[in-house]
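Below: one structure, written as structure tokens.
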Amino acid sequence: MDLVVNGVEHALDLDPRTTLLDALREHLHLTGAKKGCDHGQCGACTVLLDGRRVNSCLILAISQQGVPVTTVEGLGTEREPHPVQQGFLDHDGFQCGYCTPGQICSAVGMLDEVARGWPSAVTRDGDDGPLDDAEIRERMSGNLCRCGAYANIVPAIAQAAGR
Amino acid sequence: MTAVTERAVGAPLGRIEGPAKVTGAARYAAEYPVENLAHAWVIQSPVARGTLDGVVVDPTTEDKDLLAVLWHGNAPRLEESDDPELAVLQSARISYRGQALALVVARTPEAARRAAQVIRLEITEEPHDALLTADHPGLYTPEQVNPAFPAVTESGDVAGAFAAAPVTVDVTYRTPALHNNPMEPHATIAVWSGDDLVLYDSNQHPPGVAAAVGAVLGLPAERVHVITEHVGGGFGSKGTARPNAVLAALGARVVGRPVKLVLPRQALFSMVGYRTPTIQRIRLAAERDGTLTAIDHEAVEQTSRLYEFAEQTTVATRHMYAAPHRRTGHRLVRLDVPTPRWMRAPGEAPGMLGLECAMDELAERLGLDPIELRVRNEPRVEPESGVPFSSRHYLDCLREGAERFGWADRDPQPRRRREGAWWVGTGVAGATYPTMAQPSTARVRALPDGRYEVAVAATDIGTGARTILTQIAADELGVGVGRVHVRIGDSTLPMASVAGGSSGSASWGWAVTGACRALRESGSEEAVYDSTEEVQRQEKEGKHAYGAHFAEVRVDADTGEVRVSRLFGMYAVGRVLNPRTARSQFISGMTMGLGMALHEEGVLDPATGDWVNHDLAEYHVPAHADVESIEADWLDERDRAVNPMGSKGIGEIGIVGSPAAIVNAVWHATGVRVRDLPVRLDKLLPHLG
Amino acid sequence: MRTFGYAPADDVASAVSLLATAPGGTYLAGGTNLVDLMKLGVATPDVLVDINRLPLHEVTRLPGGGLRIGAGVRNSELAAHPEVRRSYPVLSQALLAGASGQLRNMATTGGNLLQRTRCRYFMDATKPCNKRAPGSGCPARTGDHRNLAVLGASEHCVATHPSDMAVALAALGATVRVAGPDGERDIPVTELHRLPGDTPQVDTVLRHGELITSVDLPELEVARVSAYRKARDRASYAFAVGSVAAAVHAEDGVVHDVRLAFGAVAHRPWRAYAAEQALLGRPATRDSFLAAADAELAAAEPLRDNAFKVTLIRNLVAATLARLTGAGR
């Protein structure tokens, strides 16, 4: 099985039942993507699959051979963080940190969706203004944070969005 | 050496581990690369009461990767434990649905999970009783409530005061079972090396876990090495060793290789503790001017057959308001349910919901502003103990908070403000949390490169402990924070207390302060300080943090859906050590308070004894879209009596009173008093007309 | 999760023939529901025919008007499609009201239709459930059913269909195109899902091996003024406790055309024909809207804890139609 993660190709011998999340965590030791619920109900496992944010816990690795996967480890480094990572640092957008990589990957994918002009449930027709707080909150609702850092995550993302 | 002019404590220093957390480099318990690792899965009881008579592995479905199936029929024997829930796989007795009955160990996680699904349990089921009711025949008064308060207190003539009072309130508030649900599930990797055991474990107290796991395995604590570098939240559910740590150790012992056990989310609802449901009757008696003459607050709660955990639900009522005649009590019933344990502000969170909603109802009855009602009942000393408060700025929080929130223009009448499809209202409630410290030991070493290593077996569960201890040490050593390296999260470091009771900074900071001072005074290269004696000498009564919560809600007139437009907390919590992480702690508690008010409920199915909504799709915690505006600020409070830093605990006070503020605001918006949480649309809809 | 054979298919014919020879198999599309249920041991397929590579990812105009939505089109793409947003706003809104950004990027049109109930007994393999284990009983009737059916349920099953998208499609009168071992057929979306009756284990009229290839939307003038309104237990990322898809055309204060469907109330997305009939030619007022809702909801048979849904749907109908027609409260 060939997985392409953060630009690196890996040949793996996996049980077909292995999810993308378990392939990353258990086999490639890329533990940035987290297992919070294992059922697509919390968003902690969010990665970018071909640039789109997805729940890696509900994806079978075997079905994604050759598809580029980006995890939080592929976004930035401690020395050179991605603007979204920097936003989270600047606004204390996390506490325990366990949902954080998923939040960050989700935000990166979400900003791309906004750039494509994709609407959300709170988008009003003809609304082309800047990404407001209500939009960020709705679009990020697939990422639960039990520490309740939401009020800090919103400005973190707004900063990364250049607002 | 350059002079240090700025003090670190009080500065908004960013989290030390922040860069590691945002890049995915921070390692949590299940993430350590270990050679030859096997994977475990727990088989939980599908019945609430009965006996496990056998475990059958069907050879036709047996997986080639299956290594072992442990149950009471074959598991190694354990020593007695203070915590019967750590005596895993030792007995046929089934005490609750979800109890760990067997452990599957396999080469892969996929094989372990599948084996757990097909292995057949032979169970003799017995009738069970899992439903808490206010008149349950099994109700009794426990000897004490958590951690060591008397279950009942009474002073004056409560009955007489109620008979004589011109105005009374007699209401019953109910809170459901609530589940901690930290984002990181409880997890352990157990690695044996001879008779030494290494546990990579997610918990709030590494030395406690080492001691507890050591005790059941018959090992001295020093042979159990618990590594807990980063913890994905706990909220009380990781305060002590949970069954996962013992199960992983047993599994690893039997299969002769390291074992990883990550509890599935669903298991967190039953295996690691939860907040008991409560049925609280609150009676208030007052003069017409609002002066309370009597307070009576009694809570009915549940515990398990295995273990008595009695939450201190009405203890906050003992010191909140003045009244000459007063009574508080707790009644408990043992049911065929998992053992309730600590969840963020155990006692205060549900208890202050009842008290602060009842106060709002009294204010309505009296035609008095709810803040003014509280002003008129401010005690000068602790009403029950008579001990003076070390500091109490509750009324200042109410007044300053009211100013900031914009309380003054409020129409006291409910159901007056309509904005489009929404009914809009505001509410207020008080907050309090005890200020505690526990004995801890810290060590500081001067390193050859000019830095200092500070070591204490504390944990940072997201509170900012690592950062705050760095700041405290820097100031005590008179150096910049860059020269301090704090080591925590390891049971082999000097003994620290639990990350619980909002006491971490106080307890560990006290020890760190002592060690740094000793180093400076002695001029040596290493100093160790044990705070036990000083902490034990301290007066325990009269020490509390206070706050006031203000909520603005809107209720959809068509659907009954509730949204919290604004939530504001004003606190008096002693000295704030790091305003950045402190603010995050406050809004964190308030966000969980929002969930408690509107969303969270373990839905018990009495027929199965199970919380049927045991996952994050059905047990709703607040999502991003639920949190519109949450803000917190604090007064400049000095309190030298509490600890050397002058700080009070802040991790829990945000969930105390914030649910009541929201519930009171819902009443103000709609005129409907919802007295059983959570305030969901189905409870409002029939009354919105 | 049971182990399975994995068979990726490149075209519809090979997908259908692969599954035709695998009686215990199923199709794998976005996986958001299937993989979830496999982990829970609720779904136990022994073969997965992966249909993600099938050329079913386009939204195209139908020659006679209307849109053909490939079954593999992701929910997020469909919601963002300019023609959908313009001509069928109710569908875009329904999609955006469902799940999360991540799940919408994975979930497909066909898979969304075929997702299974969220009934808490169905989802837990250790409990009885007639839908999962026929004959084992329905504990929901006397147990937890706050979010279960008030319309069209049976003594054997009170499950609801959880999809938001399907409610909009029901209102729009979409057609599901299916390919199977015996050829192709069209099924009105309102007839795709069954009522539970005494065989609640059968969710839909699809036969084994049949594959949804597209969903066709008719050209529908009334759909231009349409909306989806969903009530739920938190502000986002939660299944509906009640929802309404509505499209209406009113002129001079009179209803000339109307489409209504309800969600989270029945074993299938509930097209409210009786309500539509009651509204045609009536004044576009709140009173008519409520009367229309009552006409539909007269058949409701609520259980102990879900009678609120009747009030909720009634209010949602009135509020949504009032907004669409500009009628006052």
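Give me the residue from the stretch C:111-139 that is within 17 Å of residue B:615 (Cβ to Cβ) and at the interface with chain B (Cβ under 9 Å from one of its Cβ atoms) and, out of that set, surrounded by the most Cβ atoms within 10 Å (Cβ to Cβ).
First, the residues of the stretch C:111-139 that are within 17 Å of residue B:615 (Cβ to Cβ): C:115-127, C:129, C:132.
Applying the additional criterion that residues be at the interface with chain B (Cβ under 9 Å from one of its Cβ atoms) yields C:118, C:120-121, C:123-127.
Details: C:118: 20, C:120: 27, C:121: 30, C:123: 24, C:124: 22, C:125: 16, C:126: 17, C:127: 23.
Among those residues, the one meeting the criterion is C:121.
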- line: Residues in the stretch B:588-614 that are facing chain A (nearest Cβ under 8 Å) and touching a Phe, Trp or Tyr at 6+ places or on another chain (Cβ under 8 Å) total 2
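Where residues in the stretch B:640-677 are small (Gly, Ala, Ser) and over 16 Å from the mean Cα position of the chain (by Cα), which of them is farthest from residue B:433 (Cα to Cα)? Working first, answer last.
Going residue by residue through the stretch B:640-677, those that are small (Gly, Ala, Ser) are B:641, B:646-647, B:649, B:651, B:654, B:657-658, B:660-661, B:665, B:669, B:671.
Narrowing further to those that are over 16 Å from the mean Cα position of the chain (by Cα): B:641, B:646-647, B:660-661, B:665, B:669, B:671.
On the way: B:641: 16, B:646: 15, B:647: 13, B:660: 15, B:661: 16, B:665: 22, B:669: 28, B:671: 30 Å.
The extreme case among them is B:671.
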task: Sort out which residues of the stretch A:36-54 are of a type outside the set (Val, Ile, Thr) and more than 7 Å from chain B (Cβ to nearest Cβ), and write them in order of number.
output: A:40, A:43, A:45, A:48, A:49, A:50, A:51, A:52, A:53
field: Subset of the stretch C:237-267 [closer than 27 Å to residue C:309 by Cα and free of Cβ contacts under 8 Å to residues at least 40 places away in the same chain]
entry: C:238, C:249, C:257
Of all residues in the stretch C:187-235 being of a type outside the set (Lys, Arg) and under 30 Å from residue B:562 (Cβ atoms), the one that is surrounded by the fewest Cβ atoms within 10 Å (Cβ to Cβ): C:225
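Take the residues in the stretch B:623-679 that are part of a loop (DSSP other than H, G, I, E, B) and within 11 Å of another protein chain (Cβ to nearest Cβ), then tell me which one is surrounded by the fewest Cβ atoms within 10 Å (Cβ to Cβ).
First, pick out the residues of the stretch B:623-679 that are part of a loop (DSSP other than H, G, I, E, B): B:623, B:627-629, B:635-646, B:648-652, B:656-657, B:671-675, B:677-679.
Then drop every residue that is not within 11 Å of another protein chain (Cβ to nearest Cβ), which leaves B:623, B:627-629, B:651, B:678-679.
Details: B:623: 26, B:627: 25, B:628: 21, B:629: 13, B:651: 28, B:678: 24, B:679: 25.
Out of the qualifying residues, it is B:629.
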- prompt: How many residues does the stretch A:55-85 hold that are touching a residue at least 40 places away in the same chain (Cβ under 8 Å) and at the interface with chain B (Cβ under 8 Å from one of its Cβ atoms)?
  reply: 3
task: Could you list, in sequence order, all residues of the stretch B:163-202 that are over 20 Å from the mean Cα position of the chain (by Cα), among the acidic types (Asp, Glu) and either buried (at least 23 other Cβ atoms within 10 Å of the Cβ) or in a strand (DSSP E or B) (or both)?
output: B:170, B:196
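For the structure I just gave you, tell me whether residue B:677 is of a type in the set (A, V, I, L, M) and in contact with a strand residue (DSSP E or B) (Cβ under 8 Å, 6 or more places away or on another chain). Can you show your working first?
Values: of a type in the set (A, V, I, L, M): yes; in contact with a strand residue (DSSP E or B) (Cβ under 8 Å, 6 or more places away or on another chain): yes.
In short, yes.
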statement: Across (1) surrounded by fewer than 24 Cβ atoms within 10 Å (Cβ to Cβ); (2) hydroxyl-bearing (Ser, Thr, Tyr); (3) within 17 Å of residue B:454 (Cβ to Cβ), residue B:532 clears everything bar (3)
- request: Scan the stretch B:555-580 residue by residue and report those that are touching a Leu at 6+ places or on another chain (Cβ under 8 Å), buried (at least 24 other Cβ atoms within 10 Å of the Cβ) and either closer than 18 Å to residue B:506 by Cα or assigned by TED's automatic domain parsing to the domain that holds residue B:501 (or both).
  value: B:571, B:572, B:578
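When you scan the stretch B:531-541, do you find a residue that is assigned to a helix (DSSP H, G or I) and within 14 Å of another protein chain (Cβ to nearest Cβ), even just one?
Restricting attention to the stretch B:531-541, the residues satisfying the condition of being assigned to a helix (DSSP H, G or I) are B:532-537.
Subsequent filtering for residues that are within 14 Å of another protein chain (Cβ to nearest Cβ) retains none.
Among the residues of the stretch B:531-541, not one is assigned to a helix (DSSP H, G or I) and within 14 Å of another protein chain (Cβ to nearest Cβ), which makes the answer no.
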- request: Sort out which residues of the stretch B:109-155 are under 23 Å from the mean Cα position of the chain (by Cα) and in a strand (DSSP E or B), and write them in order of number.
  value: B:144, B:145, B:149, B:150
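Taking strands (runs of 3 or more DSSP E) that fall entirely within the stretch B:1-107, which contain at least 3 residues that are touching a helix residue (DSSP H, G or I) at 6+ places or on another chain (Cβ under 7 Å) and within 14 Å of chain A (Cβ to nearest Cβ)? Give the derivation first.
Details: elements: B:38-44, B:50-56, B:66-71, B:100-106.
Output list reads B:38-44.
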statement: Subset of the stretch A:38-58, residues more than 19 Å from residue B:262 (Cβ to Cβ) and hydrophobic (A, V, I, L, M, F, W, C), comes to A:48, A:49, A:54
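Report yes if residue B:501 is within 19 Å of residue B:574 (Cα to Cα), under 28 Å from the mean Cα position of the chain (by Cα), in a helix (DSSP H, G or I) and away from every other protein chain (no Cβ under 14 Å), otherwise no. Before the answer, list the steps.
On the way: within 19 Å of residue B:574 (Cα to Cα): yes; under 28 Å from the mean Cα position of the chain (by Cα): yes; in a helix (DSSP H, G or I): no; away from every other protein chain (no Cβ under 14 Å): yes.
Against the criterion (within 19 Å of residue B:574 (Cα to Cα), under 28 Å from the mean Cα position of the chain (by Cα), in a helix (DSSP H, G or I) and away from every other protein chain (no Cβ under 14 Å)), residue B:501 does not qualify.
Please go through the stretch B:401-434 and pick out each residue that is in a loop (DSSP other than H, G, I, E, B) and either among the charged types (D, E, K, R) or outside the structural domain of residue B:550 (by TED's automatic domain parsing) (or both). So that I can check it myself, show each step before the final result.
Of the residues in the stretch B:401-434, the ones in a loop (DSSP other than H, G, I, E, B) are B:406-416, B:420-421.
B:409, B:410, B:411, B:415, B:416 - these are the residues of the stretch B:401-434 that are in a loop (DSSP other than H, G, I, E, B) and either among the charged types (D, E, K, R) or outside the structural domain of residue B:550 (by TED's automatic domain parsing) (or both).
Among the residues of the stretch B:344-383, which ones are among the acidic types (Asp, Glu), under 16 Å from residue B:173 (Cβ atoms) and in contact with an Asp or Glu (Cβ under 9 Å, 6 or more places away or on another chain)? Break it down stepwise before answering.
Within the stretch B:344-383, the subset among the acidic types (Asp, Glu) is B:348, B:356, B:360-361, B:364, B:369, B:372, B:378, B:382.
Imposing the further condition that a residue be under 16 Å from residue B:173 (Cβ atoms) reduces the set to B:348, B:356, B:360-361, B:364.
Passing the criteria: only B:348.
Go through the stretch B:72-88 and report how many residues are closer than 18 Å to residue B:53 by Cβ and in contact (Cβ under 8 Å) with a residue 12 or more places away in the chain. Let's see the steps before the verdict.
Going through the stretch B:72-88, the residues closer than 18 Å to residue B:53 by Cβ turn out to be B:72-75, B:88.
Imposing the further condition that a residue be in contact (Cβ under 8 Å) with a residue 12 or more places away in the chain reduces the set to B:72-73, B:75, B:88.
Counting residues in the stretch B:72-88 that are closer than 18 Å to residue B:53 by Cβ and in contact (Cβ under 8 Å) with a residue 12 or more places away in the chain gives 4.
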- line: Checked against (1) more than 12 Å from every other protein chain (Cβ to nearest Cβ); (2) touching a residue at least 60 places away in the same chain (Cβ under 8 Å); (3) surrounded by 21 or more Cβ atoms within 10 Å (Cβ to Cβ), residue B:112 satisfies every condition except (1)
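Picking from A:102, A:93, which residue would you name as being under 22 Å from residue B:587 (Cα atoms), within 11 Å of chain B (Cβ to nearest Cβ) and touching a Gly at 6+ places or on another chain (Cβ under 6 Å)?
Details: A:93 fails: touching a Gly at 6+ places or on another chain (Cβ under 6 Å).
Every option except A:102 fails the conditions.
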field: Which numbered condition residue C:289 misses (of (1) in a loop (DSSP other than H, G, I, E, B); (2) buried (at least 18 other Cβ atoms within 10 Å of the Cβ))
entry: (1)
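Just give me the residues in the stretch C:292-310 being buried (at least 16 other Cβ atoms within 10 Å of the Cβ), outside any helix (DSSP H, G or I) and either at pLDDT below 95 or hydrophobic (A, V, I, L, M, F, W, C) (or both), in sequence order. It would help to see each step written out before you state the result.
Restricting attention to the stretch C:292-310, the residues satisfying the condition of being buried (at least 16 other Cβ atoms within 10 Å of the Cβ) are C:292-297, C:300, C:302-303, C:306-310.
Now narrow it down to the ones that are outside any helix (DSSP H, G or I): C:300, C:302-303, C:306-307.
Correct list: C:300, C:303, C:307.
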message: Need the failing condition index for residue B:442 against (1) assigned to a strand (DSSP E or B); (2) closer than 30 Å to residue B:543 by Cβ; (3) in the same structural domain as residue B:317 (by TED's automatic domain parsing), just the number.
response: (3)
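Out of all the residues in the stretch B:368-386, which are in a loop (DSSP other than H, G, I, E, B), surrounded by 15 or more Cβ atoms within 10 Å (Cβ to Cβ) and within 27 Å of the chain's Cα centre (by Cα)?
Residues of the stretch B:368-386 in a loop (DSSP other than H, G, I, E, B): B:368-369, B:376-380, B:382-386.
If we keep only those that are surrounded by 15 or more Cβ atoms within 10 Å (Cβ to Cβ) too, we end up with B:368-369, B:376-377, B:379, B:382-384.
Residues satisfying the conditions are B:382, B:383, B:384.
The values are calculated or read from the model by the stated rules, or taken from the named source; none is laboratory data. These numbers come from a predicted model, not from an experiment. Every residue, glycine as well, gets a Cβ built from its backbone with ideal geometry; the counts of neighbours run over all protein chains shown.
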